[in-house]
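Read-outs throughout are calculated quantities, based only on the coordinates presented, and are distinct from any laboratory measurement. On a predicted model such as this, the values are computed, not experimentally measured, just so you know. Virtual Cβ from ideal backbone geometry, glycine too; neighbours counted across all protein chains shown.
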Amino acid sequence: MVPVDRYFLAALLSGLVTEQLYLDDDSVTAFDATVERALSDPPRVVLDRTHFYPTGGGQPHDTGALRAADGDRVWRVVDVEKRDTVYHALGTAEDADGGDGEPPELPEPGTAVRGEIDADRRAAHSRYHTAQHLLSALLLDEFDARTTGNQLYADRARLDAAHDRFSDADLDRIETRLNELVADARPVSSYAMDREQAEATLDTERTRIDLLPDSIEELRIVEIAGESEGDEPYDRTACAGTHVENTADIGEVVVTGRETKGPEEERVRFALAEHVDED
Ligand SMILES: [Zn+2]
């Protein structure tokens, strides 16, 4: 339920920015690219294509490394940010190879690099992000509570919803239902869809298409399958984040708490069972 970043997508569609490969395949964690620009203060590079996910839509950026294809130089990617294009912030020499902590020597434009994304961090984000889609859908279905915001991390997440108050019994029910949907092992897929077609065929309240500026003509739709083959999807939203391929890949989810966020707004906290301290 995270709206696609409007400004970025508009720029992407106008062909001005780095090709965002994760939009087509969010399971890839190693790829080849070429440095287009290198900037200092802070040190960062722009690539012609990237699988690194930049901070956005409530999902933190990937981390990882860029390795020169023709030698042993390696740069640590410590932040990824999208503005007019995608910037990969490079760590100090110490971050990369136990060096002296000085700013790294920047790669020259044209340098061929191998991008390596920290797979564990990415996988955690994809699991939490997919869990968030399930939670948003079930809160809308069963409580008529629309998602108003969300933030995920590699070890926890939270979601805000337009709702008066979730009782302890509600939270138990939400947790049980979430884990049923995980155990159902429902396929998760994504595809591009023409905006006009999306507006004509999808539930715009659910997909939040109405929040996107008119300049965006193509959307990325993320779909979680219905209970049986041939059923309507359980969830279908416009989203540019990363997700797992099947709800079973999320694993057990624990609803860890709630708090009042404002009038008619509740915040629900959740985590993967392996990230919850039982003490
Ligand atoms: Zn998403």
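Here the relative contact order of the range 189-279, from alpha carbon pairs under 8 Å that lie six or more residues apart, stands at 20 percent.
Please compute the length gained on full extension between Glu108 and Ser228, using 0.36 nm multiplied by the number of residues separating them and subtracting their Cα-Cα distance. The partial results should precede the final answer.
Numbers: separation 120, 0.36 × 120 = 43.20 nm, distance 5.27 nm.
Full-extension gain reported as 37.9 nm.
Computed extension gain for Gln197 through Arg83, at 0.36 nm per residue and net of the alpha carbon distance, reaches 38.2 nm. For the chain, excluding the exposed loop sites themselves (trypsin sites (Lys or Arg not before Pro), DSSP loop, at most 12 other Cβ atoms within 10 Å), the longest remaining stretch covers 166-279.
For the range 262-276, list residues with backbone N below 11 Å from a point placed 7 Å from the Cα of Asp164 toward its Cβ? Within reach of a label on Asp164, which here means backbone N under 11 Å from a point 7 Å along Cα→Cβ, the range 262-276 contributes 264. Label-to-label distance for Ser215 and Gln151 is 2.7 nm, based on points extended 7 Å past Cα in the beta-carbon direction. Here the 3J(HN,Hα) profile of the range 159-167, calculated from phi with Karplus coefficients 6.51, -1.76 and 1.60 at θ = phi - 60°, is 9, 9, 9, 6, 7, 5, 6, 8, 7 Hz, Gly and Pro shown as x. In the chain, a dipole from Cβ-located charges (positive for Lys and Arg, negative for Asp and Glu) runs towards its positive end, and of Val188, Val222, Tyr234 it is Val222 whose Cα lies farthest in that direction.
Amide H contacts for Glu265 (H built 1.01 Å from N in the peptide plane; partners 5 or more residues away or on another chain; cut-off under 5 Å): His163. Taking label points 7 Å from Cα along the Cα-to-Cβ direction, Leu39 and Asp277 give a separation of 3.9 nm.
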